[in-house]
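Scroll down for the structure; my scribbles are underneath it.
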């Protein structure tokens, strides 16, 4: 039970607050202020109440206050994790259970995993209290003092750390496809090193593949990663150096590589940027997964422009089941049934006509969880554009944009809606709308 005699603080001074706080269940509480991380809003008033930082709220009320969360769904992970890490208890958050119960990932599981990892690789302060920038680029500092810039969220790196520490048994290799600056590799290696069930001898345990070229990500790579040679390989080596004895690195074009035929227990995939690469990964690595044990992480699933990933996992749904959705881009699968030998000839564009693939992908979008459906719809629009159906593509894009603008508060510079908007703008610039 919550003490309704304590002051009530609304967390999040945005448009969504107007929809959520007109709630009869709050009539017995005493609202005193809003709390918001947005420094522009701090010191102003909203809906007749002052807007304060969390520090100012604590200066005024200590820890003797209730908190009511008003933020929109896409912010749940960042908001709740930030508050719990800052010492706010679940008991203080009067709408904690209702706030998290309908989101598409079991929040408490991710939070439990994230708390330990966040203490090991804290976000750099200037990127803001939640560890991300308006441009959806994350910066962390390792325990060894190396800064890592990554496009993965703390929840995704947490998951890699967690499964390597708590679920990896040593029955097969860990394959890391597409680490770029090294955050996925580092997360897996740190987890592996902390795994109480694995007695580490000379490796390798983790096998990492990447081109390590900065030209593929000109908007992301900066001088801290690229030594003016067009490669981030030295930055990658500096990041994983303390754990290199447990690692085998294969730099170069994956399509020219092969696999050493080891069984694979964990397969992290952030490299399927083309139809051809996707087919190669399926043919080369999937046959070595272990039924009933192996986990694969499709890091580009919840993003536009990678429709071949959605199609692949849909067509192989008899062999994989979804374990988790991990914000903001990853979907985790458990490999449950042995693939047939025909997987060695896997080629989406020769197995199906493009029209058949479009129809299959449309069904995927329709049946996807509500929270990720608009992202997959953008991927469908990208697919249509790729096939020359530009008018259909633009109509679908505009419908997504309209829904996003109506549903999400763009006022806060720390809002995840900024990231959604960036994805929309990136999509628009690529297809020339």
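Values in this text are rule-based calculations from the coordinates and carry no lab data. What you see is a predicted model; the values in this text were computed from it and never measured. Note that each Cβ is placed from the backbone with ideal geometry, even for glycine, and that neighbours are counted across all protein chains shown.
What to note about this one:
- Segment residue 273-residue 61, length gained on full extension (0.36 nm per residue, minus Cα span): 71.2 nm
- Calculated FRET value between residue 261 and residue 241, using beta carbons and R₀ = 30 Å, to 0.05: 0.60
- Ordered by the number of other Cβ atoms lying within 10 Å of each residue's own Cβ, fewest first, 40, 154 fall into the sequence 40, 154.
- Each of 183, 351 was scored by other Cβ atoms within 10 Å of its Cβ. Arranged with the fewest first, they read 351, 183.
- Extension gain, residue 390-residue 341: 0.36 nm per intervening residue step, less the Cα-Cα distance, totals 13.8 nm.
- Linear extension gain, residue 18 paired with residue 202, 0.36 nm per residue minus alpha-carbon span: 60.4 nm
- Label separation (residue 147 vs residue 323): 3.3 nm, computed from points 7 Å beyond Cα along the C-beta direction.
- Estimated inter-spin distance, residue 350 and residue 314, nm [label 7 Å along Cα→Cβ]: 2.3
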